[in-house]
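The values are calculated or read from the model by the stated rules, or taken from the named source; none is laboratory data. Everything numeric in this text was worked out from a predicted model, so none of it was measured. Because the Cβ atoms are built from the backbone with ideal geometry, glycine has one as well, and the counts that use them run over all protein chains shown.
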Amino acid sequence: MDFSLSEEHIMIRDAARDFAQTELLPGVIERDNKQKFPKELVKKMGELGFMGIMVDPKYGGSGMDAISYVLIMEELSKIDASASVMVSVNNSLVCYGLESYGSEEQKQKYLTKLATGEFLGAFCLSEPEAGSDATSQRTTAIDKGDHYLINGTKNWITNGGSADIYLVIAQTDKDKGSHGINAFIIEKGVDGFHVGPKEDKLGIRGSDTHTLQFNDVKVPKKNRIGANGSGFRFAMKTLSGGRIGIASQALGIASGAYELALKYSKERKAFGTEICNHQAIAFKLADMYTDIEAARHLVMKAAWDKDQGNNYDRSSAMAKLYASKVAMEHTVEAVQIHGGNGFVKEYHVERLMRDAKITQIYEGTSEIQKIVISRGLLRD
Ligand code: CAA
Ligand code: FAD
C-alpha cells in the first residue's frame, strides 16, 4: 500500500493550486455577490485541460486518472466551489457519460468540444416531481420513428443557462419503469427548448442553476445515448463517478476552510496570546485536520477504485456522504475560529460555509447515499 502521490500527481495538484490562487481567488467574492461566472475563466480551465481531465486525448481530453481529477477538484474547491461544480458536471457527468456510453459519432461531434472547454455541458435528471425519486421521471420522450418528441420540465440544472450541450433523461415507456427511460443529447437553442430564470441561491452562487422546459422538442434518434431503455442505468452509473467529483469538492471546501482557520488562529491574539494557544481552538483544529484526512482517504479510495476498474458505486457514495458532512461541520467551526471576522465576506470562510451545504444535497442527498451504501451491504 502506498499513500504517497507520484511526482506527476504533485505537479498536477500544484498547477491547479496555482491556477486557483492566481485566477480564481481574485474576483471570487464579486462573482458570489453578482451570481456570475465569466466565460473566459471556463476557457482558461479548458486550456489547462481541466474540462476533460479523464477524457482520452484522441477526443481532446487530458487523459489523466481519477486521482488527478480529485486533486484538481480539491484545489479549485478550496477557493471557488462554483468553478469546481462546473468542472465536476462537465467532467464526470457529461464527458464521462458520453465517452463511456455514447456512439463514436456522438463522441466526435460533442465530446471533442466538451473536453477542451469549447462547449460546456449540463446533466438533466431532476424534475419537480422526481428529485431523490429519480425513477419517477415525468418528462416524456415519445418515439416518432426517426426522432423522439420530448416534453416536460427539468429543474435545478447546473450550467442550465450557460451550457451548449444538455444530456437529458426522459421516460419513453412508463409501463417499463426504470427500463423505459432513455438519455438524449440536446443542443442549446433547438425549437421548443426554454431556459427559465437563474435561481437565487444560498451557496455556489457563481454557478448558474435553472429550470428547463421542453415543449415538443424534436431530437433525432442518433442523439439517444446507448440502447433503448438504458437511460436510467446510464444516469446511475454516471452519477457514481459524479459523486467522486462532489466528494472531492466537499473535501476542498473543508480543507480550504481549515487552512484559513489555522492561519487566522496563529495571527489573532486574545488574552495575551495567539488564539491557537487556547486549547479550545487547538482542539478544534485537531478535529478538523483528523476528519479532513479521513475524508481524503475515502475520496482517494473511491478514485482509486475507479482507476483500478473496480466497482465504485458504494465507495463513491461513502466518500460523498462523509466528505460533505465534514465540509458542513468544519466550515461552521472555521467561521467560529474567525469570530466576528468569520461573519464577513472578505475572510472567505462564510462563503465556504454557505457552499458546503449543497454537497449534502446534490448528486444524491446524504439520505440517498445511505440508501446506496446500505443496499450494497445488504446485497453482499
Ligand atoms: N448501476 C447500474 N444499475 C443501477 C444502479 C447503478 N449504480 N443503481 C440502480 N440501478 C438499476 C437497478 O439495478 C434497477 O434495475 P433492475 O430493475 O433491473 O433491478 C434499476 O436501476 C432501478 O433501481 P432501484 O430499484 O434501486 O431504484 P430506486 O427507485 O429504488 O432508486 C436511487 C434508486 C439510488 C435512490 C436513485 O433513484 C438515486 O440515485 N436517486 C438520487 C438521484 C440523484 O442523485 N440525482 C442527482 C441529479 S444530478 C445532480 O445533482 C448534479 C449536480 O447537482 C451538480
Ligand atoms: P427530495 O427528493 O424532495 O428530498 C427532500 C428530502 O427528503 C431530502 O432530505 C431527502 O434526502 C429526503 N428523502 C427523499 N426520499 C427519501 C428516502 N427514500 N429516504 C430518506 N429520505 C428521503 N439535478 C440535476 O439533474 N442536474 C443538475 O445539474 C443539478 N444541479 C443542482 C444544483 C443545485 C444548486 C441544486 C440545489 C440541485 C441540483 N440538482 C441537479 C438537483 C439535486 O440533485 C436534487 O435537489 C436532489 O437530488 C434532491 O432532490 P429534491 O430536491 O427533489 O429533494
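Give the residues of segment 330-380 that are more than 14 Å from ligand 1 (Cβ to nearest atom) and in contact with a Lys or Arg (Cβ under 7 Å, 6 or more places away or on another chain), sorted by residue number.
Scanning segment 330-380 gives E333, I337, K345, R351.
Name the pairs whose Cβ atoms lie under 6 Å apart, with the first residue in segment 172-201 and under 20 Å from G102 (Cβ atoms), the second among the hydroxyl-bearing types (S, T, Y), and 6 or more positions between them or separate chains?
Filtered contacts from segment 172-201: N182/T172; I186/Y166.
Tell me yes or no: at least one residue of segment 1-21 is in a helix (DSSP H, G or I), without any contact (Cβ under 8 Å) to a residue 12 or more places away in the chain and within 29 Å of V344 (Cβ to Cβ).
yes
Consider segment 60-74. How many of its residues are farther than 18 Å from K301 by Cα and surrounded by 24 or more Cβ atoms within 10 Å (Cβ to Cβ)?
Number satisfying all stated conditions: 0.
Going by the structure shown, is L298 within 16 Å of ligand 2 (Cβ to nearest atom) and either part of a helix (DSSP H, G or I) or in contact with a Cys (Cβ under 6 Å, 6 or more places away or on another chain) (or both)? Write out each step before concluding.
Working: within 16 Å of ligand 2 (Cβ to nearest atom): no; either part of a helix (DSSP H, G or I) or in contact with a Cys (Cβ under 6 Å, 6 or more places away or on another chain) (or both): yes.
The answer is no for L298.
In the list K58, K78, which residue meets the criterion of being in a helix (DSSP H, G or I) and without any contact (Cβ under 8 Å) to a residue 40 or more places away in the chain? Can you show your working first?
Details: K78 fails: without any contact (Cβ under 8 Å) to a residue 40 or more places away in the chain.
That would be K58, the only listed residue that is in a helix (DSSP H, G or I) and without any contact (Cβ under 8 Å) to a residue 40 or more places away in the chain.
Would you check if there is a residue in segment 244-252 being assigned to a strand (DSSP E or B) and at pLDDT 95 or above? Write out each step before concluding.
First, pick out the residues of segment 244-252 that are assigned to a strand (DSSP E or B): none.
Within segment 244-252 (the criterion being assigned to a strand (DSSP E or B) and at pLDDT 95 or above), the answer is no, since none of the residues qualifies.
Conditions: (1) part of a helix (DSSP H, G or I); (2) surrounded by fewer than 16 Cβ atoms within 10 Å (Cβ to Cβ); (3) within 16 Å of ligand 2 (Cβ to nearest atom). L202 meets all but one. Number of the miss?
Exception for L202: condition (1).
Go through (1) away from ligand 1 (no atom under 14 Å from the Cβ); (2) more than 27 Å from L41 (Cα to Cα) one by one and return the number of the condition Q171 breaks.
So Q171 meets the others, but not (1).
Taking the criterion of being within 14 Å of ligand 2 (Cβ to nearest atom) and within 18 Å of the chain's Cα centre (by Cα), would at least one residue in segment 98-119 satisfy it?
So in segment 98-119, the residues within 14 Å of ligand 2 (Cβ to nearest atom) come out as none.
Looking through segment 98-119, none of the residues is within 14 Å of ligand 2 (Cβ to nearest atom) and within 18 Å of the chain's Cα centre (by Cα).
Have a look at T238, T290 and point out the one that is polar (S, T, N, Q), within 30 Å of E75 (Cβ to Cβ) and surrounded by 20 or more Cβ atoms within 10 Å (Cβ to Cβ). Lay out the reasoning, then the answer.
On the way: T290 fails: surrounded by 20 or more Cβ atoms within 10 Å (Cβ to Cβ).
After ruling out the rest, the residue left standing is T238.
Hey, among I181, I185, which residue is at negative phi, near ligand 1 (Cβ under 10 Å from one of its atoms) and β-branched (V, I, T)? Explain how you work it out, then say what you get.
Numbers: I185 fails: near ligand 1 (Cβ under 10 Å from one of its atoms).
Answer to the check: I181.
Scan segment 122-146 and report the pairs whose first residue is more than 18 Å from E187 (Cα to Cα) and whose second residue is outside any loop (DSSP other than H, G, I, E, B) and of a type in the set (K, R), with Cβ atoms within less than 6 Å and a gap of 6+ or a chain change.
Final answer for the pair search is E127/K154.
Mind counting the residues in segment 336-347 that are surrounded by fewer than 21 Cβ atoms within 10 Å (Cβ to Cβ) and in contact (Cβ under 8 Å) with a residue 60 or more places away in the chain? Reasoning before the result, please.
We begin by selecting, within segment 336-347, every residue surrounded by fewer than 21 Cβ atoms within 10 Å (Cβ to Cβ); these are 336, 339-341, 343-347.
Subsequent filtering for residues that are in contact (Cβ under 8 Å) with a residue 60 or more places away in the chain retains 339, 341, 345-347.
Summing the residues that are surrounded by fewer than 21 Cβ atoms within 10 Å (Cβ to Cβ) and in contact (Cβ under 8 Å) with a residue 60 or more places away in the chain in segment 336-347 gives 5.
Go through segment 353-373 and give me each residue that's within 10 Å of ligand 2 (Cβ to nearest atom), part of a helix (DSSP H, G or I) and either touching a strand residue (DSSP E or B) at 6+ places or on another chain (Cβ under 7 Å) or without any contact (Cβ under 8 Å) to a residue 60 or more places away in the chain (or both).
Matches in segment 353-373: S366, K370, I371.
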